[in-house]
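Quick notes on the structure that follows.
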Amino acid sequence: MLGDETPSETSVLEREVELLREMLEETRVDRDSWKDQAQKITALIEDQSARKKGFWARLVGK
């Protein structure tokens, strides 16, 4: 039952919670890094797309 843990079991559970929190924080950092990279790549693609569109617009006179 919940709350029937021995001090040793409680210590183990507290350590496990601590490790899970550390893992969660690492996951958040990774997520933010991937999000930043995706935003930069998207901006580059949009920039290149705009340049190509401008080139073709100039080429056909639009």
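A crude spin-label estimate for the pair R21 and E5, with each label 7 Å from Cα along the Cβ direction, gives 1.3 nm. Each other residue within a Cβ distance under 14 Å of L19 adds +1 if Lys or Arg and -1 if Asp or Glu, for a net charge of -4.
Read the figures in this text as sums done on the coordinates, not as results from a lab. Nothing here was measured: the structure is a model prediction, and the numbers come from that model. Here the Cβ is made from the backbone with ideal geometry for all residues, glycine too, and neighbour counts use every protein chain on show.
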